[in-house]
1. Quick one: A:GLY77 ticks every box in (1) free of Cβ contacts under 8 Å to residues at least 40 places away in the same chain; (2) more than 16 Å from DNA strand D (Cβ to nearest atom); (3) open to solvent by 30 Å² or more (accessible area, probe 1.4 Å) except a single one, so which number is it?
2. Any residue that is closer than 23 Å to B:HIS11 by Cα and either among the basic types (Lys, Arg) or assigned to a helix (DSSP H, G or I) (or both) - is there at least one of those in the range B:122-136?
3. Only residues that are acidic (Asp, Glu) and away from chain B (no Cβ under 11 Å): list them for the range A:1-25, please.
4. Can you work out which of the residues in the range B:80-89 that are more than 16 Å from DNA strand D (Cβ to nearest atom) and either aliphatic (A, V, I, L, M) or open to solvent by 80 Å² or more (accessible area, probe 1.4 Å) (or both) is nearest to B:PRO24 (Cα to Cα)?
5. Can you name the residue in the range A:104-130 that is surrounded by 17 or more Cβ atoms within 10 Å (Cβ to Cβ) and under 22 Å from the mean Cα position of the chain (by Cα) and, of all such residues, is farthest from the other protein chains (Cβ to nearest Cβ)?
6. Within the range B:1-43, how many residues are open to solvent by 80 Å² or more (accessible area, probe 1.4 Å), more than 30 Å from A:GLY130 (Cα to Cα) and hydroxyl-bearing (Ser, Thr, Tyr)?
7. Look through A:VAL92, A:VAL68, A:VAL59 and report the one residue that is more than 14 Å from chain B (Cβ to nearest Cβ), in contact with a Lys or Arg (Cβ under 8 Å, 6 or more places away or on another chain) and within 16 Å of DNA strand D (Cβ to nearest atom).
Number of protein chains: 2
Amino acid sequence: MAYRAMTEELHAVLAAEGREPLRPAHGYTFRFLLDRDDVSIVDLAAHLGVTKQAASKIVAELEGWGYVDRRPHPTDGRSRVLGLTPKGRSYVDHANEQWALVEDRWAELIGADRLEALRNDLRAYVEASGGRAALRPVW
Amino acid sequence: MAYRAMTEELHAVLAAEGREPLRPAHGYTFRFLLDRDDVSIVDLAAHLGVTKQAASKIVAELEGWGYVDRRPHPTDGRSRVLGLTPKGRSYVDHANEQWALVEDRWAELIGADRLEALRNDLRAYVEASGGRAALRPVW
DNA sequence: CCTTTCTGGACAACTACGTTGACCAGTTTA
DNA sequence: TAAACTGGTCAACGTAGTTGTCCAGAAAGG
């Protein structure tokens, strides 16, 4: 419920700004592309825990909105390199700021030290059960 | 990720026992029926955050597997009262035990006091944002 | 080299699980 | 006692994933 409530709080803010109807999958895609500049559709699919076909659809949407572009791979003629456009980059920055505000409100509630402890405790569990869980919820 | 990992751990155990392919929605339904004995389809739908049609389908499945039954309402001729069968009840007990084991392993990792603190901190956030979040994830 | 095998990606058809819409029988209100 | 409301079902549709098939380019083996 906490996870849901936080996500909803963020999406409510973004939706109120009249953005495209972005879903969590888009957010995870943004973050993944932000760090790296050699991501293929297959890489993204593995990261999201979906098939490459599904990843392809997601990218197609984001490309249509001008957040992501596909450039030809420098050496591999089959592959395309995914990247954020300037518009995509500024969107991520904005979303990160809003997310920080959500966390801040929580920190006010329970204390920054408790929030930090919580982060560590959650991480401990995830790492103990294989390092990474799939992002996509079951239900 | 922690939420996902815990859910997956539980479902892996249950699936290994050769159970029907139960999904989180079924688990939430079980818990809801366990506490009360005057639940209608509409009540369940509200609890799960889905339409009554969707709730009806879920109940139909559970009824088919013999976990849930629908009895006529004592006074209201339109309504049906949902309830767990003995089989359903024993399943819930079993699942609860397994869930406790999952939590225990976490408690060993970070300490029982930290787990308790975490529970409280999560609850604090959920209650601050409206008391209850929808169970069903967005993605 | 040139053939065989492998891999990134796209298109199409299908499935799961929800939705909206229409309806009926029974209950409540006026 | 007629009108409005409510619990439940059936049917049609939508969304977001899946599997299945294929192609062009890359890697591997004689």
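1. The failed condition is (2).
2. Residues of the range B:122-136 closer than 23 Å to B:HIS11 by Cα: B:122, B:133-136.
Among the residues that remain, those that are also either among the basic types (Lys, Arg) or assigned to a helix (DSSP H, G or I) (or both) are: B:122, B:136.
Yes: the range B:122-136 contains one or more residues that are closer than 23 Å to B:HIS11 by Cα and either among the basic types (Lys, Arg) or assigned to a helix (DSSP H, G or I) (or both).
3. As a first pass, look at the range A:1-25 and keep what is acidic (Asp, Glu): A:8-9, A:17, A:20.
Listed by number, the residues that qualify are A:GLU17, A:GLU20.
4. Of everything passing the filter in the range B:80-89, B:ARG89 is nearest to B:PRO24 (Cα to Cα).
5. To start, the set of residues in the range A:104-130 that are surrounded by 17 or more Cβ atoms within 10 Å (Cβ to Cβ) comprises A:106, A:110, A:114-115, A:117-118, A:121-122, A:125-126, A:129.
Next, from what is left, pick out any that are under 22 Å from the mean Cα position of the chain (by Cα): A:106, A:115, A:118, A:121-122, A:125-126, A:129.
Working: A:TRP106: 5, A:LEU115: 7, A:LEU118: 5, A:ASP121: 5, A:LEU122: 4, A:TYR125: 5, A:VAL126: 5, A:SER129: 5 Å.
Residue satisfying both the conditions and the ranking: A:LEU115.
6. So the count comes out to 0.
7. Values: A:VAL92 fails: within 16 Å of DNA strand D (Cβ to nearest atom); A:VAL68 fails: in contact with a Lys or Arg (Cβ under 8 Å, 6 or more places away or on another chain).
Residue meeting the stated conditions: A:VAL59.
The values are calculated or read from the model by the stated rules, or taken from the named source; none is laboratory data. Here the structure is a predicted model, which means the values were calculated and not measured. Because the Cβ atoms are built from the backbone with ideal geometry, glycine has one as well, and the counts that use them run over all protein chains shown. The area values use the complete protein model at the heavy-atom level, side chains included, leaving out ligands, DNA and RNA. Shrake-Rupley method; radii C 1.70, N 1.55, O 1.52, S 1.80 Å.
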